[in-house]
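Notes for the one structure printed next.
The values are calculated or read from the model by the stated rules, or taken from the named source; none is laboratory data. Keep in mind it's a predicted model, so treat the numbers as computed, not measured. Note: ideal-geometry Cβ built from the backbone for every residue, glycine included; neighbour counts use all protein chains shown.
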Amino acid sequence: MNDNYLGLDAGGTSTRAVVVSSDGHCGGIGKAGSGNPTSAGIDAATTAIRDAVTQAVTSANAGRLAGAALAVAGAGGAGHRAAIVAALSDLVAVEPVFDFDVLAAYFSGTAAPDGYVLLSGTGASAVRVEDGRLAGISDGLGWLLGDVGSGFWLGREVVRAGLAPLDGRGAATLLTGLLLDRLGITRDERPQGGRTGTLVAATAALYAMPPLRLADFASLVFTAAGAGDEVAAGILDQAAAGLRETLAAVRTPDVEGPLVAAGSVLARQPEFAARVAPGAVVATDGLAGAAVLALRHAGVLVDDAVYRRVTSSLAQLTEV
């Protein structure tokens with residue numbers, strides 16, 4: 001056993017692991033598929049987590065780790081947590097600590113113990129952090145019930161707006177052509193049961209996908225809006241308003257710490273991030289926060305110097 005610890009950030013798209021020493025030096029990373037049991041299933045998610053951790057430990061040549069903090073989206077069930085603990089028992093000396101993925105997102109942008117994070121990735125939420133702990137959360141209710149302004153929400157609106165003109169329900173929009181191109185569907189105006197062949201093929205392709213795959217189309221709204229499309233611009237207006245409302249719900253005068261903007265949507269669209277969260281630190285890598293959580297749970301004081309070592313050493317690893 002040594003003073004190396006494991007940080008894990010497992011989401012609906014990918015699972016990433018990092019081995020970090022007590023002084024904040026990241027020595028190895030690993031990556032695998034979805035670690036979210038909701039989107040991937042318990043067996044596949046657990047396998048992905050095991051694969052990512054094994055890669056990180058091997059690349060760091062770390063041996064058995066002294067502890068672990070796991071930020072796993074959707075790991076609320078005892079069954080999945082038990083499966084993860086069993087899968088990592090030979091790699092980690094003590095039972096891992098499970099923490100919130102939104103905290104990993106927060107600590108990817110700052111070492112401050114108090115502040116806020118606005119997250120828009122596949123899902124969307126806002127969180128108030130106090131003394132390094134989750135003190136308040138808004139939205140994050142999942143694709144079916146909430147996540148306003150998330151990648152899924154945007155992708156669903158792109159699909160709805162793109163399909164609507166095909167049966168006369170909506171205004172013409174660049175989103176239609178972009179959507180069909182992404183699906184690999186050529187226009188076919190021949191009728192099939194009262195609909196055009198285009199609409200029949202598009203709906204069939206979309207319904208064949210798992211629902212969360214609609215997030216794959218989120219980027220199209222930024223492409224269309226950038227080209228002056230009014231329908232796409234309207235979707236972004238709604239998303240921005242929803243995210244601002246979500247953030248306002250967790251703000252309190254008692255907490256004046258930094259604001260972090262995180263998640264794939266905000267990290268990849270800096271202009272949109274600045275619009276919904278002015279002055280925010282944009283965190284582009286949730287793995288840094290997972291490393292910070294691992295150190296904090298091990299009792300390590302993560303001051304600015306340690307935090308800089310975490311982020312700089314991790315940047316070097318990801319450049320390789």
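Could you list all residues from the range 268-283 that are in contact (Cβ under 8 Å) with a residue 24 or more places away in the chain and over 15 Å from residue 112 (Cα atoms)?
Of everything in the range 268-283, those that are in contact (Cβ under 8 Å) with a residue 24 or more places away in the chain and over 15 Å from residue 112 (Cα atoms) turn out to be 268, 269, 272, 275, 276, 277.
Just to check your reading of the model, which residue among 78, 60, 69, 48 is over 21 Å from residue 247 (Cβ atoms), among the hydrophobic types (A, V, I, L, M, F, W, C) and without any contact (Cβ under 8 Å) to a residue 24 or more places away in the chain? Working first, answer last.
On the way: 60 fails: without any contact (Cβ under 8 Å) to a residue 24 or more places away in the chain; 69 fails: without any contact (Cβ under 8 Å) to a residue 24 or more places away in the chain; 48 fails: without any contact (Cβ under 8 Å) to a residue 24 or more places away in the chain.
Residue meeting the stated conditions: 78.
Within the range 46-53, does at least one residue satisfy the condition of being outside any helix (DSSP H, G or I) and under 16 Å from residue 286 (Cβ atoms)?
So the first thing to find is which residues in the range 46-53 are outside any helix (DSSP H, G or I), and the list is none.
For the range 46-53, residues outside any helix (DSSP H, G or I) and under 16 Å from residue 286 (Cβ atoms): absent.
If I filter the range 270-290 for residues that are farther than 24 Å from residue 219 by Cβ, of a type in the set (Val, Ile, Thr) and in contact with a helix residue (DSSP H, G or I) (Cβ under 7 Å, 6 or more places away or on another chain), do I get at least one hit?
No: zero hits.
When residues of the range 114-135 are filtered for being under 22 Å from residue 302 (Cβ atoms) and not basic (Lys, Arg), how many remain? Show your work before the answer.
Of the residues in the range 114-135, the ones under 22 Å from residue 302 (Cβ atoms) are 114-119, 127-135.
Pick out the ones that are also not basic (Lys, Arg) and you get 114-119, 127, 129-132, 134-135.
Qualifying residue count for the region: 13.
Here's the yes/no breakdown for (1) under 20 Å from residue 153 (Cβ atoms); (2) at pLDDT 95 or above:
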{"site": "168", "(1), (2)": "no, no"}
{"site": "172", "(1), (2)": "no, yes"}
{"site": "176", "(1), (2)": "yes, yes"}
{"site": "184", "(1), (2)": "no, yes"}
{"site": "190", "(1), (2)": "no, no"}
{"site": "200", "(1), (2)": "no, yes"}
{"site": "207", "(1), (2)": "yes, yes"}
{"site": "210", "(1), (2)": "yes, no"}
{"site": "213", "(1), (2)": "yes, no"}
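When you look at residue 236, is it at pLDDT 95 or above, within 17 Å of the chain's Cα centre (by Cα) and in the same structural domain as residue 163 (by TED's automatic domain parsing), yes or no? Walk me through how you get there before you give the answer.
Working: at pLDDT 95 or above: yes; within 17 Å of the chain's Cα centre (by Cα): no; in the same structural domain as residue 163 (by TED's automatic domain parsing): yes.
When the stated conditions are applied, residue 236 does not pass them.
For a quick check of your reading: which helices (runs of 4 or more DSSP H) sit entirely within the range 263-318 and have at least 3 residues that are among the small types (Gly, Ala, Ser) and buried (at least 18 other Cβ atoms within 10 Å of the Cβ)? Quick ask: steps written out before the conclusion?
Values: elements: 264-268, 270-276, 286-297.
Fully inside the range 263-318 and qualifying: 286-297.
Based on what the data block shows, is residue 242 assigned by TED's automatic domain parsing to the domain that holds residue 118, surrounded by 18 or more Cβ atoms within 10 Å (Cβ to Cβ) and at pLDDT below 95?
On the way: assigned by TED's automatic domain parsing to the domain that holds residue 118: yes; surrounded by 18 or more Cβ atoms within 10 Å (Cβ to Cβ): yes; at pLDDT below 95: no.
The answer is no for residue 242.
Tally the residues that are in a loop (DSSP other than H, G, I, E, B) and either over 20 Å from the mean Cα position of the chain (by Cα) or not hydroxyl-bearing (Ser, Thr, Tyr) (or both), restricting the search to the range 80-113. Talk me through it step by step, then tell me what you get.
Filtering the range 80-113 for residues in a loop (DSSP other than H, G, I, E, B) gives 88-91, 93-96, 100, 108-113.
Adding the requirement that they be either over 20 Å from the mean Cα position of the chain (by Cα) or not hydroxyl-bearing (Ser, Thr, Tyr) (or both) leaves 88-91, 93-96, 100, 109, 111-113.
Matching residues across the range 80-113 total 13.
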